[in-house]
Amino acid sequence: MDDEDISRFSAALRGPVIRADDAGYDDARRLYNAMIDKRPRLIARCADAADVMTAVAFGRDKGLPIAIRGGGHNGAGLGSVDDGLVIDLCAMKGIRVDPRNRTVRVGPGCTTGEVDHATHAFGQAVPFGIISTTGVAGLTLSGGHGYLARQYGLAIDNLIEADVVLADGRFVIAGEDDNADLLWALRGGGGNFGVVTSFLFRTHPADRLYGGPIIFDLSDAETVMRWYRDFLQTASDAFYIFLGLQTVPPSAPFPPEHWGKRMCVLLVSHNGDGAEAAVNAVRAALPTPLIDWAGPIAYPVLQTLFDALCPPGLQWYWKGDFVKSLPDAAIAAHIAHAAQAPSALSLMHLYPIDGAVHAKAQGDTSWGVRDATWSMVIAGVDPDPARAAALRDWARAYWAAVHPFDLEGAYPNFMMDDEGEGRIKASYGANYPHLAALKAKFDPTNLFHVNQNIRPAA
């Protein structure tokens, strides 16, 4: 590949091709997780599906490793690749809400917050995550769980159709009646099967909810966690609560007298009738909190509550697990390691994946676990690069202490690039052989391997 090849490639695209010596290169290659620093050879900032088709063909024909970047939020930095081609979809941000059919078509460069803004005007939402800056593409393709999951399922459970550019350069539509096997693979199989250039989602009612954080001192965590493990078994699917062990941030709007305290937080979200009464019953059942900010809130605002704490450019190290039960010994291990968090931003969260998520059978989508109760993430987070080793050591030690109580696999978006193939197989469980067979059908040479990779079946 020489300069003439790159010039012809650039001329064939509507969007720009950014090279290492271009003025905007460092900004274009920068990742959400600053612990990871990659230097791609080329970044193709695609404007449309035609650009994506051209970029896939160019990367394949020139033998370049290819990474696909959507919203750019991937914790493992898998939206980039050293000395290869990044197909950057950040400019492909179209959103079209269809209020009659209760659907929304979304471009692959959109964030969940951008979609929330568009759908909220119609009192609707797609079940996405908990941070509005998260990219729709990466979140959806690996499953997508968040505040509405217990009520409406995962993001993939609401994915109706996708436009996809395959490894051989073909453009296809994956839907229930056309390339249904590809749609099955996209519903949880990550970026292994092609480049999605458009998503069509089903939307659901979600306007004003009753939600927000209720924060307890870590000394109450054992009581709160024991209550929490029992509560979900009988709670309405409209009532979602995730539990966190972290630190009260030393900044406004948190009261200065609580700055730096270790905390156990319940982030409540109720999207149904009797919401305030249901949250009041929780309040009555638990110790007096340090802070209680739960109240009426618009769904898009709820989605932004963590944005200020999680800007781009922090150091992140992730470990995850699927969790089925929370015995007393696991609770003790969680509290002990949370008390040793190496920074004010480091955390453990338990996100519910029951309710409507369990309404789907194991084989209905490629999502690997339909009988777990929670998706757990442990994240060492800090702005200081000098703290990177401490973040990794803490997250790994914490995970090693609680993993014996958990299932073998994890949500792929909560894994770094050092987990190994065994963990990926465990994350998909019985669905893995079918995924490997579909990988062999749609990407037999494993062109799309810069991801939590599913190898083509022999």
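Annotation: Asn74 fulfils all but one of (1) at pLDDT below 95; (2) in contact with a Cys (Cβ under 8 Å, 6 or more places away or on another chain); the unmet one is (2). When Ala308 is tested against (1) at pLDDT 95 or above; (2) more than 19 Å from Trp394 (Cβ to Cβ); (3) open to solvent by 10 Å² or more (accessible area, probe 1.4 Å), exactly one condition is not met: (1). Within segment 19-40, the set of residues being open to solvent by less than 40 Å² (accessible area, probe 1.4 Å) and free of Cβ contacts under 8 Å to residues at least 40 places away in the same chain comprises Gly24, Tyr25. For residues that are open to solvent by less than 50 Å² (accessible area, probe 1.4 Å) and at pLDDT 95 or above, scanning just segment 354-364, find the one that is nearest to Asp328 (Cα to Cα). Among those that are open to solvent by less than 50 Å² (accessible area, probe 1.4 Å) and at pLDDT 95 or above, it is Asp354. Evaluation of Gly191 against the conditions (1) open to solvent by 20 Å² or more (accessible area, probe 1.4 Å); (2) over 23 Å from Asn451 (Cβ atoms); (3) touching a residue at least 60 places away in the same chain (Cβ under 8 Å) shows that the sole unmet condition is (2).
Within segment 390-437, if we keep just the residues that are open to solvent by 40 Å² or more (accessible area, probe 1.4 Å) and touching a Leu at 6+ places or on another chain (Cβ under 9 Å), the residue that is modelled with the lowest pLDDT turns out to be Asp417. Taking each residue of segment 365-379 that is buried (at least 24 other Cβ atoms within 10 Å of the Cβ) and looking for partners that are of a type in the set (Val, Ile, Thr) and assigned to a strand (DSSP E or B) with beta-carbon atoms closer than 7 Å, six or more apart or interchain, yields Trp374/Val323; Met376/Val323. Does Leu232 qualify as being touching a Leu at 6+ places or on another chain (Cβ under 9 Å), of a type outside the set (Gly, Ala, Ser) and either under 26 Å from Cys310 (Cβ atoms) or open to solvent by 30 Å² or more (accessible area, probe 1.4 Å) (or both)? When the stated conditions are applied, Leu232 does not pass them. Kindly indicate whether any position in segment 269-283 is over 16 Å from Tyr240 (Cα atoms) and at pLDDT 95 or above. For segment 269-283, residues over 16 Å from Tyr240 (Cα atoms) and at pLDDT 95 or above: absent.
Of all residues in segment 205-225, those that are under 16 Å from Ala281 (Cβ atoms) have Cβ atoms under 6 Å from Cβ atoms of residues that are open to solvent by 20 Å² or more (accessible area, probe 1.4 Å) and assigned to a helix (DSSP H, G or I), 6 or more apart or on another chain, in Tyr210/Glu276.
The values are calculated or read from the model by the stated rules, or taken from the named source; none is laboratory data. Quantities reported herein were computed from a predicted structural model and do not represent experimental measurements. All Cβ positions, even for glycine, are placed from backbone atoms using ideal geometry, and neighbour counts span all protein chains on display. For accessibility, only protein heavy atoms count, side chains too; no ligands or nucleic acids. Shrake-Rupley method; radii C 1.70, N 1.55, O 1.52, S 1.80 Å.
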